[in-house]
Amino acid sequence: MKNPAYSTDPRASRRWFRDLLWRAFPAASERELAEKASAVLDVSHRQVINWLREEHDPKLRYIMKVLALAGAEIVFSRIEGQS
């Protein structure tokens, strides 16, 4: 029996976090996003680039911060869309 907690794609969680970063920090380029995110998350520019390129797994504290920011971004974009 398959366990749905385990993905057949080991990079799926990294890809999910990468997409979450793009949602939380809208930017025109990877570099611009890394500059914004590194300042807010208090990590190095290089660390954000590694996350975006799916080279490293983020710690839970960064996942939680980005989730909160992405959620706020979704709410504000919907408010702006209704104006």
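The values are calculated or read from the model by the stated rules, or taken from the named source; none is laboratory data. The model shown is predicted, which means the values in this text are computed figures rather than measured ones. We place every Cβ from the backbone using ideal geometry, glycine too, and count neighbours over all the protein chains shown.
Summary table
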item: Top-ranked residue of region 9-21 - restricted to ones that are in contact (Cβ under 8 Å) with a residue 24 or more places away in the chain and assigned to a helix (DSSP H, G or I), ranked as surrounded by the most Cβ atoms within 10 Å (Cβ to Cβ); result: L21
item: Residue in region 73-83 that is surrounded by fewer than 11 Cβ atoms within 10 Å (Cβ to Cβ), modelled with pLDDT of 95 or more and part of a helix (DSSP H, G or I) present; result: no
item: Hits in region 23-59 - residues which are assigned to a helix (DSSP H, G or I) and at pLDDT below 95; result: R23, A24
